[in-house]
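S.K.: Structure incoming, see below.
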Amino acid sequence: MSTSGLFWRALSAFLLLPGMVAFVVPWLLRPQPFHVNALGAPILAIGVAALLWCVRDFYVAGRGSLAPWSPPKNLVIVGLYRRSRNPMYVAVLLILAGWATLFGSRTLWIYAACVAFAVHLRVVFGEEPWLAKTHGTAWDDYRARVPRWLIPLRVR
């Protein structure tokens, strides 16, 4: 695939997937009228910066996009992926928390919780088995070193 073809796939995937989940739907769910709580702005900004960083790493290091129809060819273990196996999802959840705080919206907090639950199921039952099959021992080594989310949630 040409570099320009990959770029357009990556851009369209970004606009369709996290663009809808993290920006369009929260905007549509915002309360009317709304009052802005400035505490949400830094949370939102950190989430956006982290999301863009992750999308860049998928494109540059992974040679693919965040879309299931054009996944990275290489296992992405650079940048924020050194601290979390799923920093892109963490970033989206930060964005949703930012919107919920910014608008003071219980509905947006419920939406964020639903997205978090759906993402967890997708990771555990979809992405991780695919990564194990696709990347074999490289995935096993990475999984042993880096927690799924931000902190290890292992039960002993």
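S.K.: Given only helices, namely DSSP H runs of n ≥ 4 each adding -39500 (n - 2.57), what is the per-residue ellipticity at 222 nm of the chain, to the nearest 500 deg cm²/dmol?
M.R.: -19500 deg cm²/dmol
S.K.: In the stretch 70-149, which trypsin sites (Lys or Arg not before Pro) fall in coil by DSSP and have 15 or fewer other Cβ atoms within 10 Å?
M.R.: Details: sites: 73, 82, 83, 85, 106, 122, 133, 143, 145, 148; in loops: 73, 83, 85, 148.
For trypsin sites (Lys or Arg not before Pro) across the stretch 70-149 that sit outside H, G, I, E and B with at most 15 neighbouring Cβ atoms in 10 Å, the list reads 73, 83.
S.K.: Another question about this same structure. Top to bottom by accessible area (1.4 Å), largest first, where do 54, 114 land? Show your work: numbers first, answer last.
M.R.: On the way: 54 0, 114 80 Å².
Ranked list, largest accessible area first: 114, 54.
S.K.: Taking a 1.4 Å probe, which of 101, 134 shows the most accessible area, and what order do the others take after it?
M.R.: 134, 101
S.K.: Could you tell me the relative contact order of the stretch 79-150? Use alpha-carbon pairs under 8 Å, at least six residues apart, and round to a whole percent. List each step's numbers first, then the result.
M.R.: Numbers: 39 pairs, mean separation 37.0, N = 72.
That works out to 51 percent.
S.K.: If packing is taken as the average number of other Cβ atoms within 10 Å across a peptide's residues, how do 92-100, 21-29 rank, most packed first? If you can, show how the numbers build up before the last one.
M.R.: Working: 92-100: 23.4, 21-29: 16.0.
Descending packing order for the listed peptides: 92-100, 21-29.
S.K.: Please work out how much length the chain gains when fully extended from residue 28 to residue 52, using 0.36 nm per residue of separation minus the C-alpha to C-alpha distance, in nm with one decimal.
M.R.: Numbers: separation 24, 0.36 × 24 = 8.64 nm, distance 2.21 nm.
This chain segment gains 6.4 nm when fully extended.
S.K.: Would you tally the net charge around residue 138, using a Cβ to Cβ cut-off of less than 13 Å, leaving residue 138 out, and scoring K and R as +1, D and E as -1?
M.R.: Here the count lands on +3.
S.K.: For residue 67 and residue 144, compute 0.36 nm times the residue count separating them, minus their Cα-Cα distance, and round to one decimal in nm. Write down the numbers at each step before the final one.
M.R.: Working: separation 77, 0.36 × 77 = 27.72 nm, distance 2.49 nm.
Answer, rounded to one decimal: 25.2 nm.
S.K.: Got the relative contact order for the chain handy, in percent, Cα pairs under 8 Å and 6 or more residues apart? It would help to have the intermediate numbers written out before the result.
M.R.: Details: 180 pairs, mean separation 43.2, N = 156.
So the answer I get is 28 percent.
S.K.: Working out 0.36 nm times the residue gap between residue 132 and residue 106, then minus their Cα-Cα distance, what length gain in nm do you get to one decimal? All intermediate terms of the calculation are to be shown ahead of the outcome.
M.R.: Numbers: separation 26, 0.36 × 26 = 9.36 nm, distance 3.74 nm.
Extra length available between residue 132 and residue 106 comes to 5.6 nm.
The values are calculated or read from the model by the stated rules, or taken from the named source; none is laboratory data. What you are looking at is a predicted structure, and each value in this text was computed from that prediction instead of being measured. Neighbour counts are summed over all protein chains in view; Cβ atoms, including those assigned to glycine, are modelled from backbone coordinates with ideal geometry. Accessible surface is based on the protein model in full, side chains and every heavy atom, while ligands, DNA and RNA are left aside. Shrake-Rupley method; radii C 1.70, N 1.55, O 1.52, S 1.80 Å.
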